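Input: a single structure, listed below in structure tokens.
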Amino acid sequence: MAKVSKPGKPDKSSSKKSASPLSSASPAASPAAGSSAPSIDIGISPGDRKKIAEGLSRFLADSYTLYLKTHNFHWNVTGPMFNALHVMFETQYTEQWTALDDIAERIRALGFNAPGSYAEFVKLSSIPEEAGLTEAADWREMVRQLVVGNEAVCRTARKVLDQADDVDDAPTEDLLTQRLQTHEKYAWMLRSLLQ
């Protein structure tokens, strides 16, 4: 049966480029083989669920790395912008922490294990980890890094959103649309401090 395009959206299947894998790491399927649980039948093929779970794993890794960086900067910010940035960073990392659970639970709902270790996050993330701070970065550099980090999260979200859209995975699309709106706003707010 041919894929029918959503109203107002062009059919992407005919113009799809050969997609490169988002990661060499693949999430483990859950339930495991031999389980007495019924197989997952949510209207998305196992291959498409796996592809989306792999993308969401990269998105979770980017989101977690950004969360850690934002929390780190909350602790270590100094200078004339201390109070404003200390509060702003806390607001952002608190919201980001809550969102991590939603992302991981979506991976689980698709039938795969969510990454949950620093080693996995470092391997999957496109955001460089902040080195241990023996001397804290200037507040401007902290803000710059968080702008770049929020934009990286947006780029990863868009890739997975495109995959979810191709197979009509509305819950993943909804989650990623909400996260995009939040991270685009954070990037704008942070960038405004440097203009």
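Here's a check for you: in region 112-124, which residue that is surrounded by fewer than 19 Cβ atoms within 10 Å (Cβ to Cβ) and of a type in the set (Gly, Ala, Ser) is farthest from residue 41 (Cα to Cα)?
The residue in question is 119.
Quick check on region 34-75: of everything there that is of a type in the set (D, E, K, R) and out of contact with any Pro (no Cβ under 7 Å at 6 or more places or on another chain), which residue is surrounded by the fewest Cβ atoms within 10 Å (Cβ to Cβ)?
41
One residue is enough: does region 78-96 have a residue meeting the conditions of a type in the set (Gly, Ala, Ser), within 21 Å of residue 137 (Cα to Cα) and in a helix (DSSP H, G or I)? Steps first, answer last, please.
The initial filter retains those residues of region 78-96 that are of a type in the set (Gly, Ala, Ser), namely 79, 84.
Remaining after also requiring within 21 Å of residue 137 (Cα to Cα): 79, 84.
Add one more test, that the residue is in a helix (DSSP H, G or I), and what stays is 84.
Looking for residues that are of a type in the set (Gly, Ala, Ser), within 21 Å of residue 137 (Cα to Cα) and in a helix (DSSP H, G or I), one finds at least one in region 78-96, hence yes.
For region 93-111, how many residues are open to solvent by 50 Å² or more (accessible area, probe 1.4 Å) and of a type in the set (Phe, Trp, Tyr)?
Counting residues in region 93-111 that are open to solvent by 50 Å² or more (accessible area, probe 1.4 Å) and of a type in the set (Phe, Trp, Tyr) gives 1.
This table checks each residue for (1) of a type in the set (Lys, Arg); (2) in contact with an Asp or Glu (Cβ under 6 Å, 6 or more places away or on another chain).
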| site | (1), (2) |
| --- | --- |
| 127 | no, yes |
| 145 | no, no |
| 159 | yes, no |
| 163 | no, no |
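Can you tell me which residue is surrounded by the fewest Cβ atoms within 10 Å (Cβ to Cβ) among those in region 76-86 that are at pLDDT 95 or above and under 29 Å from residue 122 (Cβ atoms)?
Out of the qualifying residues, it is 86.
Within region 134-176, track down each residue that is β-branched (Val, Ile, Thr) and closer than 23 Å to residue 191 by Cα. Quick ask: steps written out before the conclusion?
We begin by selecting, within region 134-176, every residue β-branched (Val, Ile, Thr); these are 134, 143, 147-148, 153, 156, 160, 167, 172.
Result: 143, 147, 148, 153, 156.
Taking the condition of being among the polar types (S, T, N, Q) and free of Cβ contacts under 8 Å to residues at least 24 places away in the same chain, how many residues in region 86-117 meet it?
Residues in region 86-117 being among the polar types (S, T, N, Q) and free of Cβ contacts under 8 Å to residues at least 24 places away in the same chain: 4 in total.
Could you look through region 134-167, keep only residues that are part of a loop (DSSP other than H, G, I, E, B) and touching a Ser or Thr at 6+ places or on another chain (Cβ under 8 Å), and pick out the one that is surrounded by the most Cβ atoms within 10 Å (Cβ to Cβ)?
Result: 167.
Kindly provide the set of residues from region 57-77 that are touching a residue at least 12 places away in the same chain (Cβ under 8 Å), over 21 Å from residue 180 (Cβ atoms) and part of a helix (DSSP H, G or I), ordered by number.
71, 72, 73, 74, 76
Identify all residues within region 168-195 that are outside any helix (DSSP H, G or I), of a type in the set (Asp, Glu) and open to solvent by 20 Å² or more (accessible area, probe 1.4 Å); write none if there are none.
The one that is outside any helix (DSSP H, G or I), of a type in the set (Asp, Glu) and open to solvent by 20 Å² or more (accessible area, probe 1.4 Å): 168.
Has region 165-172 got at least one residue that is more than 25 Å from residue 91 (Cβ to Cβ) and free of Cβ contacts under 8 Å to residues at least 60 places away in the same chain? Even if it seems obvious, please write down each step before you answer.
At the first step, the residues of region 165-172 found to be more than 25 Å from residue 91 (Cβ to Cβ) are 165-172.
Next, only the ones that are free of Cβ contacts under 8 Å to residues at least 60 places away in the same chain stay: 170.
The answer is yes, given that some residue of region 165-172 is more than 25 Å from residue 91 (Cβ to Cβ) and free of Cβ contacts under 8 Å to residues at least 60 places away in the same chain.
The values are calculated or read from the model by the stated rules, or taken from the named source; none is laboratory data. Everything numeric in this text was worked out from a predicted model, so none of it was measured. Cβ coordinates were reconstructed from backbone atoms using ideal geometry, including for glycine residues, and neighbour counts include every protein chain displayed. What goes into the accessible areas is simple: the full protein's heavy atoms, side chains included, and nothing from ligands, DNA or RNA. Shrake-Rupley method; radii C 1.70, N 1.55, O 1.52, S 1.80 Å.
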